[in-house]
Amino acid sequence: MDLADLQQYCAIPGCDFMQMLKRIVQPLIIEALSSMGVEQMPVEKMLQASRELDQGDLALPCFPFAKRLGMAPAEIAEQLAQHVADHPAIGEVSGVNGYLNIRANPKWIVEQLIEFGTQGSHPSPNRSVLIEHTSANPNGPFHVGRARNAILGDTLVRLHRLFGNNVTAEYYVDDMGKQVAVLAWALEHLSAEDVEAQLIGREPVNPSWKGKADHERVRWYQAAQALRQEKEGAEEIEKKIGFMVHASENGDEAVLASFQAAYQPVLEGMLSTLGRLGINFDRFTKESIFVTNGDVGRLMERLQSLEINGEADNGAQFLDLGARGLKGKTEFFYQRGDGSSLYATRDIAYHMWKWTQGGDLINVLGEDHKLQAKQVGMTLEELGEKRPEVVFYSFIKLPEGKMSTRRGNVVFMDDLLEEAKEQAAVVVRELRPHYDEEKISTIAEAVGTSAVRFNIIKVSPEKGFTFRWEDALTFEAGSAPFIMYSHTRACSIRKRVETEVAPIENILNGEIETQEHFSDGLITLLRVLAVHQDCVEKAVNDHRPHLFAEHMLHLANAYNAFYRDCHILTDGEVDKFYLWVSELARGIMKDGMEGLGLIAIEEM
RNA sequence: GGGCGUGUAGCACAGCUGGAUAAUGCACCGGCCUCCUAAGCCGGAGAUCGCGGGUUCGAAUCCUGCCACGCCCGCCA
């Protein structure tokens with residue numbers, strides 16, 4: 001196979017280096033097998049990335065051939081190794097323990113990296129996606145319990161962008177529910193004194209957040225919630241709030257305006273917290289617009305004409321989704337007896353609108369929304385629309401139990417970030433006593449926020465997560481600072497080469513000559529670089545960012561091995577090839593960190 | 001009761017489209033700064049993969065039963 005063939009393989013979407021190698025090796029193995037008398041085996045499926053990296057890059061288990069050949073698998077593997085033809089891409093072929101192991105020729109990997117970069121000639125997918133995430137009710141400060149949605153969602157946004165997709169990050173603002181009504185009622189009816197009287201015994205607002213509306217106004221919300229629990233007066237309050245909710249659901253402009261006045265500053269406070277984590281949105285869509293613009297009304301009419309529609313005694317409308325295979329409680333109510341809409345109904349209208357925006361839809365939701373999401377999805381299909389893709393996650397809880405804004409047992413993200421920064425600053429001061437306070441502050445902020453994000457994104461979303469301060473504030477291997485540190489090493493080398501030798505561009509222009517000798521650290525790094533794009537793709541397509549987080553840990557670790565084995569700058573002399581590898585890795589680390597929302601500082 | 005999810009070393013966590021000695025970090029033990037930032041590197045010890053059956057040449061992975069934990073099963077949002 002010559003270069004032209006290789007390029008052809010590279011033009012296949014989703015083709016990374018391991019797949020290229022596989023495509024090269026596969027026919028050679030089929031040939032070798034047939035020379036041994038084995039035909040028509042699904043080699044493509046059997047040939048896999050090796051688990052034992054010491055043994056090779058690709059492995060073919062030979063056990064299934066044993067019966068046909070009447071030989072021991074170990075023997076087959078060994079013989080097969082003899083029969084596989086040479087190829088420049090293949091470094092070594094061996095038969096061990098019944099496995100045929102194929103090692104890529106590091107020189108070949110380097111040639112591919114030089115020719116194509118880590119992305120190969122991978123065409124940018126350029127798919128449009130609308131990712132809706134967070135969408136937390138604007139009734140109080142962002143707490144750690146809500147953070148998983150935001151961090152997961154934002155990382156998905158970033159990874160899609162890294163992959164080349166066109167992303168809109170959207171926040172669906174719940175501006176008409178009971179929670180907002182409670183907030184609006186409280187702000188209108190309670191004085192600051194009333195609120196504090198109600199919240200005696202609870203922690204006061206952290207002085208650091210005085211004047212931040214989310215922290216201030218949540219007190220009103222909590223006071224109102226407490227009042228609603230009381231024996232006296234609760235009924236009256238409930239009536240008023242019910243009236244407001246009702247009015248909002250019927251699209252009452254004045255009530256909606258009062259809601260907005262109540263929640264907007266809170267929302268802005270939450271967004272500033274998210275901004276500190278690098279989380280931003282392209283668009284905010286208010287739930288109420290689908291009521292006021294008539295979409296919800298039209299939707300309910302359409303739903304009523306469906307054959308699975310049913311009506312309760314009081315006139316409430318539902319769909320019998322049992323007829324479409326839903327188990328358990330099959331009645332899905334979308335309209336109250338009084339004709340008003342429900343949250344899910346508005347959500348359906350919202351999704352129909354989202355589909356008109358011209359992109360695939362991805363939602364990030366807590367596991368408590370699973371049933372609801374299923375009902376919404378089934379209804380959308382019933383209407384001839386597509387279902388959105390949904391990424392679910394388990395809740396973050398505290399060691400002492402579930403978090404709740406209402407009850408006030410929460411860890412605020414603002415406090416966590418402040419604490420993270422402080423802890424990081426302690427470490428920087430200790431490790432780099434010569435840095436001035438301004439520099440320490442910049443580094444500590446980057447390290448603190450990155451560590452918080454990474455701590456949450458590195459575990460798979462369906463796994464329950466217990467928040468622990470000591471885990472969130474770990475800055476060692478396995479954390480964001482570990483990745484950041486490897487990157488600063490690469491930056492540091494770059495800086496030294498530039499100041500002590502010459503501008504990098506001058507050194508790296510012209511041919512890069514590969515070396516004949518490849519040390520362990522170099523090979524380790526090349527291998528990780530070779531699978532990078534594949535990791536991005538997998539994380540994006542499977543909605544599993546934690547896989548990419550783990551890959552970045554591997555990359556940082558591999559860079560450290562390379563750093564150990566391959567000295568770039570020795571006595572004022574630059575090893576051009578090593579510098580090229582280092583610069584390639586530096587760029588990939590930087591992009592990858594961007595994809596995870598980690599801040600790629602150059603010194604720490 | 002029904003649906004969905006989770007259960008892997010002392011702790012945390014990966015692997016789950018079946019394949020080798022179950023990966024990684026913390027904690028623990030030992031080694032490495034006259035050498036590009038030691039937030040690092042190298043080595044060691046530590047696992048009946050919740051429990052029982054089944055399918056298979058081969059099971060943490062698939063099927064099945066059981067146990068434990070979480071979430072959901074509102075004309076709430």
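The values are calculated or read from the model by the stated rules, or taken from the named source; none is laboratory data. As the structure is a computational prediction, the values presented were derived from the model and not from experiment. All Cβ positions, glycine included, derive from the backbone under ideal geometry; neighbour counts span all protein chains shown.
Filter the stretch A:440-454 for residues that are within 10 Å of RNA strand B (Cβ to nearest atom) and surrounded by fewer than 24 Cβ atoms within 10 Å (Cβ to Cβ); which is nearest to A:Val157 (Cα to Cα)?
The qualifying residue nearest to A:Val157 (Cα to Cα) is A:Ala446.
Determine whether the stretch A:281-290 contains at least one residue that is within 11 Å of RNA strand B (Cβ to nearest atom) and in contact with a Ser or Thr (Cβ under 8 Å, 6 or more places away or on another chain). Break it down into steps so the answer makes sense when it comes.
Narrowing the stretch A:281-290 to residues within 11 Å of RNA strand B (Cβ to nearest atom): A:287-288.
Still in the running and in contact with a Ser or Thr (Cβ under 8 Å, 6 or more places away or on another chain): A:288.
Yes, the stretch A:281-290 contains a residue that is within 11 Å of RNA strand B (Cβ to nearest atom) and in contact with a Ser or Thr (Cβ under 8 Å, 6 or more places away or on another chain).
A:Phe284 fails exactly one of the following numbered conditions: (1) buried (at least 21 other Cβ atoms within 10 Å of the Cβ); (2) aromatic (Phe, Trp, Tyr); (3) in contact with a strand residue (DSSP E or B) (Cβ under 8 Å, 6 or more places away or on another chain). What is the number of that condition?
Unmet for A:Phe284, out of (1) buried (at least 21 other Cβ atoms within 10 Å of the Cβ); (2) aromatic (Phe, Trp, Tyr); (3) in contact with a strand residue (DSSP E or B) (Cβ under 8 Å, 6 or more places away or on another chain): (1).
Any idea which of A:Val411, A:Val390 is out of contact with any Phe, Trp or Tyr (no Cβ under 8 Å at 6 or more places or on another chain) and closer than 22 Å to A:Thr155 by Cα?
Details: A:Val411 fails: out of contact with any Phe, Trp or Tyr (no Cβ under 8 Å at 6 or more places or on another chain).
Criteria check complete, one pass: A:Val390.
Against the condition under 30 Å from A:Leu156 (Cα atoms), touching a strand residue (DSSP E or B) at 6+ places or on another chain (Cβ under 7 Å) and modelled with pLDDT under 95, how does A:Leu326 come out, does it pass? Don't jump to the end; show me each part of the working.
Values: under 30 Å from A:Leu156 (Cα atoms): yes; touching a strand residue (DSSP E or B) at 6+ places or on another chain (Cβ under 7 Å): no; modelled with pLDDT under 95: yes.
No; evaluated as a whole, the condition is false for this residue.
Considering only residues that are within 9 Å of RNA strand B (Cβ to nearest atom) and crowded, with 20+ Cβ neighbours inside 10 Å, which ones fall in the stretch A:456-466?
Our first condition is that a residue be within 9 Å of RNA strand B (Cβ to nearest atom); within the stretch A:456-466, this holds for A:458-466.
Within the stretch A:456-466, A:Pro461, A:Phe465 meet the criteria.
Since A:Arg489 meets every condition but one in (1) within 7 Å of RNA strand B (Cβ to nearest atom); (2) within 22 Å of A:Asp154 (Cα to Cα); (3) of a type outside the set (A, V, I, L, M), which condition does it not meet?
Here A:Arg489 meets the rest and fails (2).
Kindly check whether there is at least one residue in the stretch A:67-80 that is within 12 Å of RNA strand B (Cβ to nearest atom), assigned to a helix (DSSP H, G or I) and either of a type in the set (Phe, Trp, Tyr) or in the same structural domain as A:Asn541 (by TED's automatic domain parsing) (or both).
The answer is no, given that none of the residues of the stretch A:67-80 is within 12 Å of RNA strand B (Cβ to nearest atom), assigned to a helix (DSSP H, G or I) and either of a type in the set (Phe, Trp, Tyr) or in the same structural domain as A:Asn541 (by TED's automatic domain parsing) (or both).
One line per residue, one yes/no per condition, for (1) charged (D, E, K, R); (2) outside any helix (DSSP H, G or I); (3) surrounded by 16 or more Cβ atoms within 10 Å (Cβ to Cβ):
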| site | (1), (2), (3) |
| --- | --- |
| A:Ala490 | no, no, yes |
| A:Lys495 | yes, no, no |
| A:Asp534 | yes, no, yes |
| A:Leu555 | no, no, yes |
| A:Tyr563 | no, no, yes |
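Name every residue in the stretch A:348-372 that is under 20 Å from the mean Cα position of the chain (by Cα) and hydrophobic (A, V, I, L, M, F, W, C), in order of residue number.
Filtering the stretch A:348-372 down to residues under 20 Å from the mean Cα position of the chain (by Cα) leaves A:359-370.
Those that are under 20 Å from the mean Cα position of the chain (by Cα) and hydrophobic (A, V, I, L, M, F, W, C): A:Leu361, A:Ile362, A:Val364, A:Leu365.
Could you check, for the stretch A:407-421, whether at least one of its residues is in a helix (DSSP H, G or I) and among the β-branched types (Val, Ile, Thr)? It would help to see each step written out before you state the result.
The first filter runs over the stretch A:407-421 and keeps only residues in a helix (DSSP H, G or I), leaving A:413-421.
Checking the rest, the ones that are also among the β-branched types (Val, Ile, Thr) come to none.
Checking the stretch A:407-421: not a single residue is in a helix (DSSP H, G or I) and among the β-branched types (Val, Ile, Thr).
Could you please find all residues in the stretch A:81-101 being among the aliphatic types (A, V, I, L, M) and either in a strand (DSSP E or B) or closer than 22 Å to A:Arg51 by Cα (or both)?
First, pick out the residues of the stretch A:81-101 that are among the aliphatic types (A, V, I, L, M): A:81, A:84-85, A:89-90, A:93, A:96, A:100.
Scanning the stretch A:81-101 gives A:Ala81, A:Val84, A:Ala89, A:Ile90, A:Val93, A:Val96, A:Leu100.
Can you tell me which residue in the stretch A:120-148 is surrounded by the most Cβ atoms within 10 Å (Cβ to Cβ), limited to those that are part of a strand (DSSP E or B) and at pLDDT 95 or above?
Per the criteria, the residue is A:Ile131.
List pairs: first residue in the stretch A:275-304 and assigned by TED's automatic domain parsing to the domain that holds A:Trp353 and over 17 Å from A:Asp174 (Cα atoms), second residue at pLDDT below 95 and outside any helix (DSSP H, G or I) anywhere in the structure, Cβ distance under 7 angstrom, at least six positions apart or on different chains.
Filtered contacts from the stretch A:275-304: A:Met300/A:Ser341.
Report the residue count in the stretch A:300-347 for those that are buried (at least 16 other Cβ atoms within 10 Å of the Cβ), within 36 Å of the chain's Cα centre (by Cα) and either away from RNA strand B (no atom under 11 Å from the Cβ) or β-branched (Val, Ile, Thr) (or both).
6
Would you be able to tell me the number of residues in the stretch A:192-207 that are within 16 Å of A:Asn409 (Cα to Cα) and aliphatic (A, V, I, L, M)?
3
If I filter the stretch A:13-54 down to residues being charged (D, E, K, R) and part of a loop (DSSP other than H, G, I, E, B), which single residue comes out as modelled with the lowest pLDDT?
Filtering the stretch A:13-54 for residues charged (D, E, K, R) gives A:16, A:22-23, A:31, A:39, A:44-45, A:51-52, A:54.
Now restrict to residues that are part of a loop (DSSP other than H, G, I, E, B): A:16, A:39, A:51-52, A:54.
On the way: A:Asp16: 69, A:Glu39: 84, A:Arg51: 82, A:Glu52: 79, A:Asp54: 80.
Checking each candidate, the answer is A:Asp16.
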